[in-house]
Amino acid sequence: MAFCLLLRMRIITKFISSAVLAATVAGSYPATAEEPAVQWATVAQASGASPETVVVPETEEPASEQKPIRAPLTEIIGTAPSALDHVPGSGKVVTSESIERNHRFTINEALREVPGVHVRDEEGLGIRPNIGIRGLDPTRSRKVHILEDGVPIMLMPYADPSSYYFPPIFRFDRIEVLKGSGQLLYGPQNIGGVINLITRMPTLHPEGHFQVWGGNLNYLNVHFDYGGTWGKSGYLVDYTHSQTDTPRFTNIRAKIDDLTFKTVQELSDRTQILAKFNYYRENSGIGYQGLTQAEWATRGEERQTLFTNDHFDFLRLGYHVAINHMFTANLTSTTNIFGHFMERDWSRQSQQGVDINGNPVGSIQNGNSLPATAYGVVPANRRFTNEREYWVWGVEPRFHYDHAFPFFGLKGEADFGARYMYEQSDRKQLLNTVSGTGLPSSCVLSAPGATCLGENNKRTTNAYAFFAQERLMWGPFTLTPGFRVEHISYDQTNRLANNGNGNYGKTNFTQVLPGAGITYSPFQNTTFFFGAHRGMAPPQISDAVALNTGQPVDLDPELSWTYELGVRGNLSHWAAYSITGFQMDFDNQIITQSVAGGIGATLTNAGRTQHRGAEVATQIDLLDAVTGRDDNQDITFDFNYTWIAQADFKGTRNSSLGASALLPGEPPTLSVSGNRLPYSPEHLLTAGIGYANRAFWIGPFNARLETQCVSDQFADDRNTVIPTPSGQRGIVRGWCMLNASVNQHVKKINTTFFFTGKNMLDHDAIVDRSRGIYPSLPALWQAGAKWTF
């Protein structure tokens with residue numbers, strides 16, 4: 001125990017030292033300041049409280065000499081009413097008002113209000129979301145670029161972007177989602193879209209919040225934040241603790257702690273610096289194994305699993321330093337220095353498929369796939385632990401230059417920059433068995449019950465990127481050409497290969513990604529837009545370099561051409577809308593080769609695929625529409641719909657299912673050309689109606705009723721409809737869930753009381769089959785209070 005504590009302290013000390021060194025290096029840069037297409041923001045603007053929100057109503061502040069600090073706030077869209085006017089693509093901001101009023105339980109629930117975004121539930125808590133955009137494979141969110149305050153946060157953004165970590169939604173101020181050609185300023189994944197999680201900033205005046213709420217499934221959540229500005233310094237501390245029985249299986253517990261410290265310092269009128277440090281810890285019994293078809297049919301009201309000895313221990317330490325500098329009134333820069341250390345120890349029971357009589361079917365598996373004929377699944381007499389450590393750091397200077405051309409009254413805005421990123425992972429798998437049988441030949445046990453190494457490798461990435469975009473504005477027209485260049489080098493060492501002598505392999509590739517877009521605003525509050533860009537998602541290092549031989553694998557980067565055409569605007573002060581048509585043509589989409597699609601799943605070139613569809617979003621204040629005036633009451637209706645008309649395999653393509661996933665009599669080779677891609681529902685819908693009264697005598701009040709719907713999906717490339725006994729193939733039927741929230745602020749005690757219901761009709765649905773059947777959220781009832789001081 002003492003040794004483990006010393007080791008943990010050594011890791012934390014090393015991590016903090018690297019953060020301090022990065023900040024010191026940052027201070028030596030001659031200049032740094034603004035994010036492209038990102039505005040200077042004051043701490044007052046970034047306080048997280050919308051002027052119209054009723055959850056944290058505005059109060060009169062006494063006169064003060066305190067001036068707001070211009071903070072290095074990294075945004076990809078922004079909050080200004082005109083933020084999207086010159087963006088040649090679709091985008092949406094999930095506002096702090098929406099997050100707080102609706103008391104979003106998970107990131108999955110929050111993102112479903114964004115047209116085009118499909119989020120597949122896993123454990124029901126949103127801590128490992130599966131996010132897909134416009135029919136792209138949502139598994140582990142590998143096709144989406146996820147940022148926090150403008151910097152990547154996933155395990156290894158290039159070599160392994162899997163979402164085994166996701167920050168709790170309770171510390172977000174808002175969420176930006178950008179699609180289309182504007183993605184070229186970000187990467188490496190810029191096929192489907194970019195998600196930027198904006199965290200809270202220190203407020204102008206000292207302010208704090210304490211929130212506690214609970215509900216069924218023994219759910220408890222406590223959130224505390226306090227911050228403010230003193231002189232030319234701003235500070236904020238944010239802490240979240242949550243614990244619950246998991247919605248997937250109620251005999252499994254999960255506990256999460258998240259602590260963030262942020263400071264903003266105004267060094268001069270031209271230079272500001274932001275530093276943020278984060279600690280995150282998950283301790284849970286969440287495993288992978290789902291239910292077979294027979295287990296689903298006999299599940300009963302209490303969701304239980306036999307796999308009660310799995311254990312997931314995850315630690316993340318992250319830092320981010322941003323320095324803004326204004327060279328001139330026209331030239332500004334932002335330099336982001338960022339990094340994180342992640343440690344993940346996941347101990348799981350091996351699994352054994354069984355028939356209806358309890359006899360073994362197939363062999364013991366450490367992975368997730370079952371024979372298609374397995375009637376049930378039970379824990380086997382061995383277990384394994386995947387021990388992972390990840391080190392990531394990077395530096396990214398960005399510049400923004402406003403300029404004018406000496407002809408035609410043409411104005412320009414140039415955004416350009418570069419990034420270097422280093423990634424390293426150390427991966428070990430410890431195998432243990434009672435009988436000593438069924439282990440790899442390299443695993444020799446000293447005695448039954450002993451442990452040996454089944455995997456021991458090191459992977460590194462060195463990635464360089466350069467990007468530039470020019471925005472040319474002439475009257476109602478804006479033309480935005482741009483490009484991105486990515487050069488990626490992968491190295492892998494397998495320490496167990498060649499009888500323990502090891503082997504080494506490497507590969508690299510360079511990709512140029514062009515794009516262009518145009519917007520046209522013929523009159524106020526209306527913008528037409530068109531964009532086209534080349535998108536890329538690099539292969540994971542584990543699939544680009546063969547583990548046993550060290551030789552490069554012929555697995556190319558995913559490349560696509562994405563086209564968008566649309567219009568957005570405001571019909572009046574009470575009605576806003578957006579309509580977008582899209583098409584994505586893939587030269588080579590990489591899909592999961594195994595039906596499990598989980599840890600260790602092999603990937604394969606899927607060849608050509610094509611996605612087509614349309615997105616519609618609108619928000620209407622019905623009361624203002626009838627009365628013609630904007631007063632203290634609102635009845636709002638919002639509607640967000642996505643139609644993915646096509647998400648199909650093209651060209652010559654055979655099924656990638658392995659022999660064990662097939663039923664007796666199924667052909668091992670089958671063309672899937674023209675079939676629909678797995679987990680790409682044709683229809684997505686989120687709609688709601690809400691009422692707000694800002695002049696209620698007790699204090700502001702609001703309530704909202706909402707439905708979220710997902711249509712049928714296929715779970716495999718053969719588009720199997722009738723489920724296999726294992727539950728890992730078959731149709732995933734569509735579902736709709738009804739949610740509600742009520743908030744009442746009491747002015748006298750400056751406290752908001754709230755009540756929420758999720759899936760209030762308790763609709764029991766299948767949401768995933770990739771590792772066995774995962775059920776949807778049960779009905780969740782929660783109540784709590786938030787005190788502002």
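The values are calculated or read from the model by the stated rules, or taken from the named source; none is laboratory data. Just so you know, these numbers come straight off a predicted model, no measurement behind them. Positions of Cβ are generated from backbone atoms using ideal geometry, with glycine treated the same way; all protein chains shown enter the neighbour counts. Accessible surface areas use protein heavy atoms only, side chains included; no ligands, DNA or RNA. Shrake-Rupley method; radii C 1.70, N 1.55, O 1.52, S 1.80 Å.
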Next on the checklist: Please go through the range 698-727 and give me each residue that is in contact with an Asp or Glu (Cβ under 8 Å, 6 or more places away or on another chain), surrounded by 22 or more Cβ atoms within 10 Å (Cβ to Cβ) and polar (S, T, N, Q), ordered by number.
Outcome noted: GLN708
Checklist entry - Got at least one residue in the range 495-507 being at pLDDT 95 or above, open to solvent by less than 60 Å² (accessible area, probe 1.4 Å) and closer than 29 Å to TYR422 by Cα? => result no
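Give me the residue from the range 108-123 that is open to solvent by less than 10 Å² (accessible area, probe 1.4 Å), closer than 15 Å to ASP137 by Cβ and not β-branched (Val, Ile, Thr) and, out of that set, nearest to the chain's Cα centre (by Cα).
That would be ARG120.
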Next on the checklist: If I filter the range 287-321 down to residues being open to solvent by less than 10 Å² (accessible area, probe 1.4 Å) and of a type in the set (A, V, I, L, M), which single residue comes out as farthest from GLN349 (Cα to Cα)?
Outcome noted: VAL321
Checklist entry - Do you know which residues across the range 737-752 are within 15 Å of CYS709 (Cα to Cα) and either of a type in the set (Phe, Trp, Tyr) or in contact (Cβ under 8 Å) with a residue 40 or more places away in the chain (or both)? => result MET737, ASN739
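In the range 322-422, which strands (runs of 3 or more DSSP E) lie fully inside it and hold 3 or more residues that are under 30 Å from PRO167 (Cα atoms) and modelled with pLDDT of 95 or more?
In the range 322-422, the matching strands (runs of 3 or more DSSP E) lie at 331-354, 376-404.
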Checklist entry - Do you know which residues across the range 359-374 are touching a residue at least 40 places away in the same chain (Cβ under 8 Å) and surrounded by fewer than 19 Cβ atoms within 10 Å (Cβ to Cβ)? => result GLY362, SER363, ILE364, GLY367, THR373
Checklist entry - Of all residues in the range 225-252 being surrounded by fewer than 16 Cβ atoms within 10 Å (Cβ to Cβ) and not polar (S, T, N, Q), which is nearest to GLU282 (Cα to Cα)? => result VAL237
Checklist entry - Restricting attention to the range 555-584, which residues are crowded, with 20+ Cβ neighbours inside 10 Å and modelled with pLDDT of 90 or more? => result SER560, THR562, GLU564, GLY566, ARG568, TRP574, SER578, THR580, PHE582, MET584
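Let's see how each residue does on (1) open to solvent by less than 10 Å² (accessible area, probe 1.4 Å); (2) closer than 21 Å to VAL512 by Cβ; (3) modelled with pLDDT of 95 or more:
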{"site": "GLY150", "(1), (2), (3)": "yes, no, yes"}
{"site": "PRO157", "(1), (2), (3)": "yes, yes, yes"}
{"site": "SER162", "(1), (2), (3)": "yes, no, no"}
{"site": "ARG171", "(1), (2), (3)": "yes, no, no"}
{"site": "VAL177", "(1), (2), (3)": "yes, no, yes"}
{"site": "ILE191", "(1), (2), (3)": "yes, yes, no"}
{"site": "VAL194", "(1), (2), (3)": "yes, yes, yes"}
Item to check | Pairs with Cβ under 7 Å, 6+ apart, first in the range 129-157 and farther than 28 Å from ASP491 by Cβ, second assigned to a strand (DSSP E or B) and of a type in the set (Gly, Ala, Ser) | outcome: ILE133/GLY193; ARG134/GLY613; GLY135/ALA647; PRO138/GLY132
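Quickly run through the range 291-311 and pick out the residues that are assigned to a loop (DSSP other than H, G, I, E, B), over 21 Å from SER369 (Cβ atoms) and touching a residue at least 12 places away in the same chain (Cβ under 8 Å).
Residues satisfying the conditions are ARG299, GLU302, ARG303, GLN304, THR308.
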Checklist entry - Which residue pairs have Cβ atoms under 8 Å apart, sit 6 or more places apart or on different chains, and have a first residue in the range 538-552 that is assigned to a loop (DSSP other than H, G, I, E, B) and a second that is among the basic types (Lys, Arg) and crowded, with 21+ Cβ neighbours inside 10 Å? => result GLN540/ARG142
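Considering each residue of the range 688-733, count those that are assigned to a loop (DSSP other than H, G, I, E, B) and either in contact with a Cys (Cβ under 6 Å, 6 or more places away or on another chain) or within 20 Å of TYR288 (Cβ to Cβ) (or both), and give that number. So that I can check it myself, show each step before the final result.
Of the residues in the range 688-733, the ones assigned to a loop (DSSP other than H, G, I, E, B) are 694-700, 711-712, 715-730, 733.
From what is left, the residues that are either in contact with a Cys (Cβ under 6 Å, 6 or more places away or on another chain) or within 20 Å of TYR288 (Cβ to Cβ) (or both) are 715-716, 723-730.
Summing the residues that are assigned to a loop (DSSP other than H, G, I, E, B) and either in contact with a Cys (Cβ under 6 Å, 6 or more places away or on another chain) or within 20 Å of TYR288 (Cβ to Cβ) (or both) in the range 688-733 gives 10.
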Checklist entry - Is the range 218-236 home to any residue that is more than 29 Å from THR752 (Cβ to Cβ) and under 23 Å from the mean Cα position of the chain (by Cα)? => result no
Checklist outcome for this item: Those residues of the range 453-482 which are buried (at least 18 other Cβ atoms within 10 Å of the Cβ) and either within 30 Å of ASN432 (Cβ to Cβ) or aromatic (Phe, Trp, Tyr) (or both) amount to GLY454, GLU455, ASN456, ASN457, ARG459, THR460, PHE467
Checklist entry - How many of the residues in the range 176-202 are farther than 26 Å from GLN610 by Cα, touching a helix residue (DSSP H, G or I) at 6+ places or on another chain (Cβ under 7 Å) and part of a loop (DSSP other than H, G, I, E, B)? => result 1
Item to check | Residue check, LEU136 in a loop (DSSP other than H, G, I, E, B), aliphatic (A, V, I, L, M), in contact with a Gly (Cβ under 7 Å, 6 or more places away or on another chain) and surrounded by 24 or more Cβ atoms within 10 Å (Cβ to Cβ) | outcome: yes
Next on the checklist: For the range 266-290, which positions are part of a strand (DSSP E or B) and either in contact with an Asp or Glu (Cβ under 9 Å, 6 or more places away or on another chain) or without any contact (Cβ under 8 Å) to a residue 40 or more places away in the chain (or both)?
Outcome noted: GLN272, ILE273, LEU274, LYS276, ASN278, TYR279, TYR280, ARG281, GLU282, ASN283, SER284
Item to check | Odd one out for ASP355 among (1) touching a residue at least 60 places away in the same chain (Cβ under 8 Å); (2) open to solvent by 20 Å² or more (accessible area, probe 1.4 Å); (3) of a type in the set (D, E, K, R) | outcome: (1)
Item to check | Residues of the range 640-662 that turn out to be assigned to a strand (DSSP E or B), open to solvent by less than 70 Å² (accessible area, probe 1.4 Å) and in contact with a Leu (Cβ under 8 Å, 6 or more places away or on another chain), as a count | outcome: 7
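Inside the range 154-175, can you point out the residues that are outside any loop (DSSP other than H, G, I, E, B) and of a type outside the set (Phe, Trp, Tyr)?
Quick first cut of the range 154-175, residues outside any loop (DSSP other than H, G, I, E, B) only: 156, 160, 169-175.
The answer is MET156, ASP160, ILE169, ARG171, ASP173, ARG174, ILE175.
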Checklist entry - Out of the residues in the range 585-602 that are open to solvent by 30 Å² or more (accessible area, probe 1.4 Å) and in a strand (DSSP E or B), which is modelled with the lowest pLDDT? => result ASP587
Next on the checklist: Of everything in the range 740-771, what is outside any helix (DSSP H, G or I), open to solvent by 10 Å² or more (accessible area, probe 1.4 Å) and among the aliphatic types (A, V, I, L, M)? Give them in sequence order.
Outcome noted: ALA740, VAL742, VAL746, MET760, LEU761, ILE766
